[in-house]
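Asker: Please see the structure below; I have some questions.
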């Protein structure tokens, strides 16, 4: 019983159906090509059979006997018959010359005591032996049978290897598409409200090739790996693993040279906020810290997402930053940072100095360190636990957004 996969949406089913149709089309195209090659081979076999029939007729006509020898090569009958008549004329000429020389030799050696070698030479028949022609005919028949057997074996091997190749290419493409889908989830991790408008702080633009080009590029990539192995006549698993790495596979289905990462730079004046390419998204130290912090927070969530087997569970993360409020104290910069942390279930633990009340109000618990000078001159550090509910009148203008994710 075959269990069909289940997907979350109709579009995904359509994508899978489209991919299956493309695979079937590819198989059909390969089948047509193989049929054409098979037809050409059958035509060649037919030609060889015709050649064999011509040689049979020739041998019967010339009354050539089979001497059991195998033909050393295969020639076209028309070429053979021309060569045969040419050789026949030469053979007849040589035979006549042999007869003349043998007769002259006999006359010249008539007085010799030892006559046995001459008698043996005289017994050699000058007629052309047909054994070689018959052997050639049998060689043709055996050759045709071997070709037919090899054709069937090669066709079976080709089909099997092509199925292995197509399956491996399909898996590589699926692996690359899975990674690409994960990468694009970074955008959703950075989606927050900025000046009353929902935006992705991080924007990825990765051009993706069409399905046919994906398969062609992946096939060429796999073939290049096989070619390198053949040329080097060795198998280095590390090199193969490197060539089949996620980066290499991803570059076969996308144009990574044109991939762009853009960050939304938030300004104090909403109209001045806009997207910039990663390398150009620079500003004040506070703006830079804000962008880097947001990117790092999204990256932490992305890594956690990849390492979590159950993606339906919202996992908790903790970021400990040393005085992040020093250079980034403007609330319009910190508000998106807190929104990103809330969106990604990140708890921030941050020691600082002279932090504004607008920022401390974001935390439900604050620990204040004070100094007390004792009578003997020693200094004692006093830790004061300040919670949001103890000074509600002072901080009610901003809702606390941190530390709530550890509460049940």
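The values are calculated or read from the model by the stated rules, or taken from the named source; none is laboratory data. All of these numbers come straight from a predicted model, not from anything done at the bench. Cβ sites come from the backbone with ideal geometry, for glycine too, and all protein chains shown count toward neighbours.
Residue-wise test of (1) farther than 20 Å from residue 294 by Cβ; (2) at pLDDT below 75; (3) part of a strand (DSSP E or B).
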| site | (1), (2), (3) |
| --- | --- |
| 342 | no, no, no |
| 348 | no, no, yes |
| 353 | yes, no, no |
| 372 | yes, no, yes |
| 381 | yes, yes, yes |
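Asker: Here is a follow-up. Inside the range 201-227, can you point out the residues that are farther than 17 Å from residue 161 by Cα, touching a residue at least 60 places away in the same chain (Cβ under 8 Å) and part of a helix (DSSP H, G or I)?
Answerer: Answer for the range 201-227, where residues must be farther than 17 Å from residue 161 by Cα, touching a residue at least 60 places away in the same chain (Cβ under 8 Å) and part of a helix (DSSP H, G or I): 211, 212.
Asker: So residue 276 ticks every box in (1) in contact with a strand residue (DSSP E or B) (Cβ under 8 Å, 6 or more places away or on another chain); (2) over 19 Å from residue 343 (Cβ atoms); (3) assigned to a helix (DSSP H, G or I) but one. Which box is left unticked?
Answerer: Residue 276 satisfies every listed condition except (3).
Asker: Regarding residue 338, is this residue free of Cβ contacts under 8 Å to residues at least 60 places away in the same chain, surrounded by 12 or more Cβ atoms within 10 Å (Cβ to Cβ) and under 27 Å from residue 285 (Cα atoms)?
Answerer: no
Asker: Take the range 29-57 and flag every residue that is in contact (Cβ under 8 Å) with a residue 40 or more places away in the chain and farther than 17 Å from residue 147 by Cβ.
Answerer: Correct list: 30, 56.
Asker: Another one. Does residue 323 satisfy the criteria of being part of a loop (DSSP other than H, G, I, E, B) and on the phi > 0 side of the Ramachandran plot? Steps first, please.
Answerer: Numbers: part of a loop (DSSP other than H, G, I, E, B): yes; on the phi > 0 side of the Ramachandran plot: yes.
So residue 323 fits the description; yes.
Asker: Exactly one condition in (1) farther than 20 Å from residue 198 by Cβ; (2) assigned to a loop (DSSP other than H, G, I, E, B) is not met by residue 314; state its number.
Answerer: Single failed check for residue 314: (1).
Asker: A follow-up question, please. Given the criterion surrounded by 10 or more Cβ atoms within 10 Å (Cβ to Cβ), under 27 Å from residue 285 (Cα atoms) and in contact with a strand residue (DSSP E or B) (Cβ under 6 Å, 6 or more places away or on another chain), identify the matching residue among 303, 359, 346. Don't jump to the end; show me each part of the working.
Answerer: Values: 303 fails: in contact with a strand residue (DSSP E or B) (Cβ under 6 Å, 6 or more places away or on another chain); 359 fails: in contact with a strand residue (DSSP E or B) (Cβ under 6 Å, 6 or more places away or on another chain).
Testing whether each residue is surrounded by 10 or more Cβ atoms within 10 Å (Cβ to Cβ), under 27 Å from residue 285 (Cα atoms) and in contact with a strand residue (DSSP E or B) (Cβ under 6 Å, 6 or more places away or on another chain) leaves just 346.
Asker: Test of understanding: among 324, 270, which residue is at pLDDT below 85, surrounded by 12 or more Cβ atoms within 10 Å (Cβ to Cβ) and either within 21 Å of residue 343 (Cβ to Cβ) or in contact with a helix residue (DSSP H, G or I) (Cβ under 8 Å, 6 or more places away or on another chain) (or both)?
Answerer: Checking each option against the conditions leaves just 324.
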